[in-house]
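Participant: Input: one structure, supplied below.
The values are calculated or read from the model by the stated rules, or taken from the named source; none is laboratory data. Note that the coordinates shown come from a computational prediction; the quantities given were computed from them, not determined experimentally. All Cβ positions, glycine included, derive from the backbone under ideal geometry; neighbour counts span all protein chains shown. When the accessible area is computed, the model is the full protein with side chains, heavy atoms only, and any ligands, DNA or RNA have been set aside. Shrake-Rupley method; radii C 1.70, N 1.55, O 1.52, S 1.80 Å.
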Amino acid sequence: MTGENVPGLRREAIGLREVLFQSITAMAPAAAVAASIPAGAAFAGGSLPLSVLVALVACLFTASCVAELARQLPAAGSVATYAAQGLHPAVGFLVGWGYVFVEALVPPLLLLQLGFTTAGTLHQEWSSYPEDLWWPWALAGAVVIALAGYFGVRASARFGTVLGVFEILVFLVFALWLIVRTGGGNTLSVFGTAHTAKGHGGMGGVFAGSVYTVLAFAGFEAAAPLAEETKDPRRVMHRAVLGAALAIGLFYVVTTYAMSVFIGPDRFTAFGASGASSWEGVARASFGLFWVLVFLAVVNSTIANANACANVSTRTAFALARIRVFPSLFARVHPRYRSPAAGVAVQGAVAVAVVLGLGLYYDPVTAFLLLATIIVTVVIGVYIVVNLACAGYFLRRRRELFGPVRHLLFPLLGIVAFVPALLTAAGLPVFDFVSELTAPVSYAGPVVGVWMAAGAAVLCVLVRRHPGRIAETARVHLDEPPTSDLRPNGAVQP
């Protein structure tokens, strides 16, 4: 760069605890346990705990790659910077283009879930409350997230930490309670293949269940975009990414085991996200008012996840704006809180527009499924590219640090683990357990295609007119001393 700098984010504002919970809350553990992981029960049945364990091992391969890159390249651009360094700056730009898009869609996704979950529960308790009056709750959540982001990374990260601790404690206590109540029914046979669903016997059913469970791990990399605001980021980021994936993976194993043995492994095929054989259903039937805590934990999880992913989208947009491949508006930081205030405002506006636009045009559940398909498809694609980038970076740039297991075998295993999940998320019936998507959820593929095609067009323009800006995608700003010739309002120097 030739003096084209913007004021940076607040350095050393947060530590390991906050960064760890940035990744943990981005994984939405309570919402995943209650609504996402149960999808695997239709295939794995009572052997779902084994599916979760398989998914954990598979995800740790990619988490290891992200952690290795985060230690070497602490940058707000995170996955975009990793791809630029490990593969090519043009790939880094496209990864950043897609990543900002889907991370900006995560808050509206979770706000929709907040809306229909709250409205549905209130209607169930008090029939006079309209079940379709979901949108005020979604808008209230949008205000909370915007305020947390506006007041800076300390406020946002600490807010996420409190929310994360609450949801984990509720489900962990409930799980241990279920295990105790099960008594002699506890069995390690759920970690074998004896209880898979009819028609999905043996490891085939376990594998199918694990593919759906892998999707619950998405978000473990969310700590990485906070690198420039973290104390000792090279050490902390590595621990946070791996720690979040491992800790929440074990949390998933314990909670799934508890529910499997409580309901009964041979009756577990009926387990789902709602009804009597669900977390809330079991809590209502067996533990009285404890269901209220389960409900609050799920609601809490939606807000925490939306808050964490808003941090990701605004930091990634900031990183791309300061090198002028995104509009400079996104590089403006608040003079006091050093938050990307303009990005936070745009993120909030996008969230409200998407929530109301899709939620009212279709319905909140359909809109949720459409957004979820878009997000998971792109995020898994990003994971595959990051695995490749890990191998490329250590082979091409840091050969002296190259380890064949960590930097070649793990990336390859990570790719192998996520390809079936990508096909499943996209609804491509390559495997017999994958269901073809129906409209409007099937529109997710074309939406992603149009967005990435637009990114490719922007890339072509930048390569022709400003090739240096694309090269800057690989820049690690934290390695440079701060400069003083910056405009106070955060604009890029001409």
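Participant: Tell me which residues, restricted to the range 166-175, are open to solvent by less than 70 Å² (accessible area, probe 1.4 Å) and either among the acidic types (Asp, Glu) or under 16 Å from Arg17 (Cβ atoms) (or both). It would help to see each step written out before you state the result.
Facilitator: Here is the first cut: in the range 166-175, the ones open to solvent by less than 70 Å² (accessible area, probe 1.4 Å) are 167-168, 170-172, 174-175.
Selection gives Glu167, Ile168.
Participant: Additional query: For the range 141-165, name all the residues that are modelled with pLDDT of 90 or more, open to solvent by 30 Å² or more (accessible area, probe 1.4 Å) and within 19 Å of Ala31 (Cα to Cα).
Facilitator: Answer for the range 141-165, where residues must be modelled with pLDDT of 90 or more, open to solvent by 30 Å² or more (accessible area, probe 1.4 Å) and within 19 Å of Ala31 (Cα to Cα): Val144, Val162, Val165.
Participant: Sticking with this structure for a sec: For the range 34-89, name all the residues that are under 30 Å from Ala258 (Cα atoms) and of a type in the set (S, T, N, Q). Please lay out each step first, then the result.
Facilitator: Within the range 34-89, the first condition is being under 30 Å from Ala258 (Cα atoms), and the residues that meet it are 34-64.
Correct list: Ser36, Ser47, Ser51, Thr62, Ser64.
Participant: What single numbered condition from (1) open to solvent by 30 Å² or more (accessible area, probe 1.4 Å); (2) assigned to a helix (DSSP H, G or I); (3) out of contact with any Gly (no Cβ under 8 Å at 6 or more places or on another chain); (4) over 30 Å from Ala197 (Cβ atoms) fails to hold for Asn300?
Facilitator: The number of the failed condition is (1).
Participant: Could you check, for the range 261-280, whether at least one of its residues is farther than 30 Å from Tyr383 by Cβ, in contact with a helix residue (DSSP H, G or I) (Cβ under 6 Å, 6 or more places away or on another chain) and among the small types (Gly, Ala, Ser)?
Facilitator: So far as the range 261-280 goes, yes, one or more of its residues are farther than 30 Å from Tyr383 by Cβ, in contact with a helix residue (DSSP H, G or I) (Cβ under 6 Å, 6 or more places away or on another chain) and among the small types (Gly, Ala, Ser).
Participant: Please name all residue pairs, on different chains or six or more residues apart, with Cβ atoms under 8 Å, provided the first residue is in the range 144-160 and is in contact (Cβ under 8 Å) with a residue 24 or more places away in the chain and the second residue is of a type in the set (Phe, Trp, Tyr) and open to solvent by less than 40 Å² (accessible area, probe 1.4 Å).
Facilitator: Ala157/Phe21; Gly160/Phe21
Participant: To continue, here is another question. If you check Ala222, Ala276, Ala216, Ala244, which single one turns out to be farther than 30 Å from Leu320 by Cα and either assigned to a helix (DSSP H, G or I) or aliphatic (A, V, I, L, M) (or both)? Break it down stepwise before answering.
Facilitator: On the way: Ala222 fails: farther than 30 Å from Leu320 by Cα; Ala216 fails: farther than 30 Å from Leu320 by Cα; Ala244 fails: farther than 30 Å from Leu320 by Cα.
Only one candidate passes the filter, namely Ala276.
Participant: Could you grab me the full set of residues in the range 6-32 that are under 15 Å from the mean Cα position of the chain (by Cα) and farther than 17 Å from Leu109 by Cα? Give the steps one after another, and end with the answer.
Facilitator: Residues of the range 6-32 that are under 15 Å from the mean Cα position of the chain (by Cα), as a first pass: 19-32.
Within the range 6-32, Val19, Leu20, Phe21, Gln22, Ser23, Ile24 qualify.
Participant: Still on this model: Yes or no: the range 176-199 includes at least one residue that is in contact with a Gly (Cβ under 7 Å, 6 or more places away or on another chain), open to solvent by less than 20 Å² (accessible area, probe 1.4 Å), within 30 Å of Asp432 (Cβ to Cβ) and of a type in the set (Gly, Ala, Ser).
Facilitator: If we filter the range 176-199 for residues that are in contact with a Gly (Cβ under 7 Å, 6 or more places away or on another chain), which is where we start, we get 190, 193, 195-197.
With the extra rule that they be open to solvent by less than 20 Å² (accessible area, probe 1.4 Å), the set shrinks to 190, 197.
The next check asks that each one be within 30 Å of Asp432 (Cβ to Cβ); those that pass are 190, 197.
From what is left, the residues that are of a type in the set (Gly, Ala, Ser) are 197.
The answer is yes; a qualifying residue exists.
Participant: So in the range 168-203, with the set limited to residues that are in a helix (DSSP H, G or I) and without any contact (Cβ under 8 Å) to a residue 24 or more places away in the chain, which one is farthest from Leu110 (Cα to Cα)? Give the steps one after another, and end with the answer.
Facilitator: Here is the first cut: in the range 168-203, the residues in a helix (DSSP H, G or I) are 168-185, 188-191, 202-203.
Now drop any that are not without any contact (Cβ under 8 Å) to a residue 24 or more places away in the chain, which leaves 169, 173, 180, 183-184, 188, 202-203.
On the way: Leu169: 21, Val173: 24, Val180: 33, Gly183: 36, Gly184: 39, Leu188: 35, Gly202: 35, Met203: 33 Å.
Applying the filter and picking the extreme gives Gly184.
Participant: Is it the case, given these coordinates, that Leu226 is over 30 Å from Pro429 (Cβ atoms) and of a type in the set (A, V, I, L, M)?
Facilitator: When the stated conditions are applied, Leu226 passes them.
Participant: Right, here's the next one. Out of (1) open to solvent by 10 Å² or more (accessible area, probe 1.4 Å); (2) hydroxyl-bearing (Ser, Thr, Tyr); (3) over 24 Å from Trp451 (Cβ atoms); (4) in contact with a Pro (Cβ under 7 Å, 6 or more places away or on another chain), what's the single condition that is false for Tyr337?
Facilitator: (4)
Here's the yes/no breakdown for (1) within 30 Å of Ala319 (Cβ to Cβ); (2) not charged (D, E, K, R):
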residue	(1), (2)
Val143	yes, yes
Ile179	no, yes
Thr182	no, yes
Gly185	no, yes
Thr193	no, yes
Ala208	no, yes
Phe217	yes, yes
Asp232	yes, no
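Participant: Let me ask something else. Determine whether Gly343 is closer than 25 Å to Pro89 by Cα, of a type outside the set (Phe, Trp, Tyr) and either without any contact (Cβ under 8 Å) to a residue 60 or more places away in the chain or not in a helix (DSSP H, G or I) (or both).
Facilitator: Working: closer than 25 Å to Pro89 by Cα: yes; of a type outside the set (Phe, Trp, Tyr): yes; either without any contact (Cβ under 8 Å) to a residue 60 or more places away in the chain or not in a helix (DSSP H, G or I) (or both): yes.
Yes: the conditions hold for Gly343.
Participant: Just name the residue that is least open to solvent (accessible area, probe 1.4 Å) out of those in the range 120-140 that are free of Cβ contacts under 8 Å to residues at least 60 places away in the same chain and in a helix (DSSP H, G or I).
Facilitator: Checking each candidate, the answer is Gly120.
Participant: Same structure again: Which one is modelled with the highest pLDDT, of the residues in the range 436-453 that are open to solvent by 80 Å² or more (accessible area, probe 1.4 Å) and assigned to a loop (DSSP other than H, G, I, E, B)?
Facilitator: Only one residue tops the list, namely Thr438.
Participant: So which of Gly86, Gly98 is surrounded by 24 or more Cβ atoms within 10 Å (Cβ to Cβ) and closer than 29 Å to Ala457 by Cα?
Facilitator: Details: Gly98 fails: surrounded by 24 or more Cβ atoms within 10 Å (Cβ to Cβ).
After applying the criteria, what remains is Gly86.
Participant: Determine if the range 204-211 includes at least one residue that is under 30 Å from Leu293 (Cβ atoms), in contact with a helix residue (DSSP H, G or I) (Cβ under 8 Å, 6 or more places away or on another chain) and not in a loop (DSSP other than H, G, I, E, B). Lay out the reasoning, then the answer.
Facilitator: Restricting attention to the range 204-211, the residues satisfying the condition of being under 30 Å from Leu293 (Cβ atoms) are 209-210.
In the following step, the residues that additionally are in contact with a helix residue (DSSP H, G or I) (Cβ under 8 Å, 6 or more places away or on another chain) were identified as 209-210.
Filter once more, so that each one left must be not in a loop (DSSP other than H, G, I, E, B): 209-210.
Yes, the range 204-211 contains at least one residue that is under 30 Å from Leu293 (Cβ atoms), in contact with a helix residue (DSSP H, G or I) (Cβ under 8 Å, 6 or more places away or on another chain) and not in a loop (DSSP other than H, G, I, E, B).
Participant: Taking the range 368-418, which residues are open to solvent by less than 20 Å² (accessible area, probe 1.4 Å), in contact with a Leu (Cβ under 7 Å, 6 or more places away or on another chain) and among the small types (Gly, Ala, Ser)?
Facilitator: Across the range 368-418, the qualifying residues are Ala389, Ala391, Gly392.
Participant: Would you confirm whether or not the range 103-115 contains a residue that is surrounded by fewer than 20 Cβ atoms within 10 Å (Cβ to Cβ) and under 28 Å from Val447 (Cβ atoms)? Full working, then the answer.
Facilitator: As a first pass, look at the range 103-115 and keep what is surrounded by fewer than 20 Cβ atoms within 10 Å (Cβ to Cβ): none.
So far as the range 103-115 goes, no, none of its residues is surrounded by fewer than 20 Cβ atoms within 10 Å (Cβ to Cβ) and under 28 Å from Val447 (Cβ atoms).
Participant: May I ask you to say which residue of Ala321, Ala308 is within 21 Å of the chain's Cα centre (by Cα) and assigned to a helix (DSSP H, G or I)? Give the derivation first.
Facilitator: Details: Ala321 fails: within 21 Å of the chain's Cα centre (by Cα).
Every option except Ala308 fails the conditions.
Participant: If I ask for residues that are surrounded by fewer than 24 Cβ atoms within 10 Å (Cβ to Cβ) and of a type in the set (D, E, K, R), which ones from the range 304-329 would you list?
Facilitator: Once the filter is applied, which keeps residues that are surrounded by fewer than 24 Cβ atoms within 10 Å (Cβ to Cβ) and of a type in the set (D, E, K, R), the range 304-329 yields only Arg324.
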